[in-house]
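Contents: one structure, followed by commentary.
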Amino acid sequence: QVQLVESGGGLVQAGGSLRLSCAASGSIFSVNAMGWYRQAPGKQRELVATITSGGVTNYASSVKGRFTISMVNAKNTVYLQMNSLKPEDTAVYYCNADLSYYYSGSYLPEDAWGQGTLVTVSS
């Protein structure tokens, strides 16, 4: 009922920048928060940054000051501007949305995930 589609990953040199986008679509009633998580090879998925519909943000300490999360509520779209990238930022980045959607006469909560987009930072 809900889809998250990410874009913007790729290969970049250390010190470079990338911008990730994630758009939520479907029978969405409301979006409470959206965020980005990442998973490096051999590691567990970890939080990168989150933002509420009211604009409250939260960042992992490892990216604070380098990454900026933003959201356009009207488009149900979240962005992650990544600057000063480091090789240790290399991972698959996943979009997440805490939302409710309309289905068969009811409004249902969902914790939705995108398919992931690969970010590779070369040294």
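Quick notes on this one:
- Of all residues in region 1-58, those satisfying the criterion of being open to solvent by 60 Å² or more (accessible area, probe 1.4 Å) and of a type in the set (Lys, Arg) are ARG19, LYS43, ARG45.
- The test for being within 18 Å of GLY114 (Cα to Cα) and in a strand (DSSP E or B) holds for LEU47.
- Among the candidates VAL78, VAL92, residue that is touching a strand residue (DSSP E or B) at 6+ places or on another chain (Cβ under 8 Å), at pLDDT 95 or above and open to solvent by less than 20 Å² (accessible area, probe 1.4 Å): VAL78
- For region 63-75, the candidate set comprises residues that are surrounded by 15 or more Cβ atoms within 10 Å (Cβ to Cβ) and either in a loop (DSSP other than H, G, I, E, B) or at positive phi (or both); within that set, the residue that is nearest to the chain's Cα centre (by Cα) is VAL63.
- Under the condition of being under 14 Å from ILE51 (Cα atoms) and either without any contact (Cβ under 8 Å) to a residue 40 or more places away in the chain or among the acidic types (Asp, Glu) (or both), the residues counted in region 72-118 number 2.
- Within region 76-111, if we keep just the residues that are over 18 Å from GLY35 (Cβ atoms) and of a type in the set (Ser, Thr, Tyr), the residue that is nearest to the chain's Cα centre (by Cα) turns out to be THR90.
The values are calculated or read from the model by the stated rules, or taken from the named source; none is laboratory data. Not measured: the values here are computed from a predicted model. FYI the Cβ positions are ideal-geometry reconstructions off the backbone, even for glycines, and counts take in every protein chain you see. Surface areas here come from the heavy atoms of the whole protein model, side chains and all, with no ligands, DNA or RNA. Shrake-Rupley method; radii C 1.70, N 1.55, O 1.52, S 1.80 Å.
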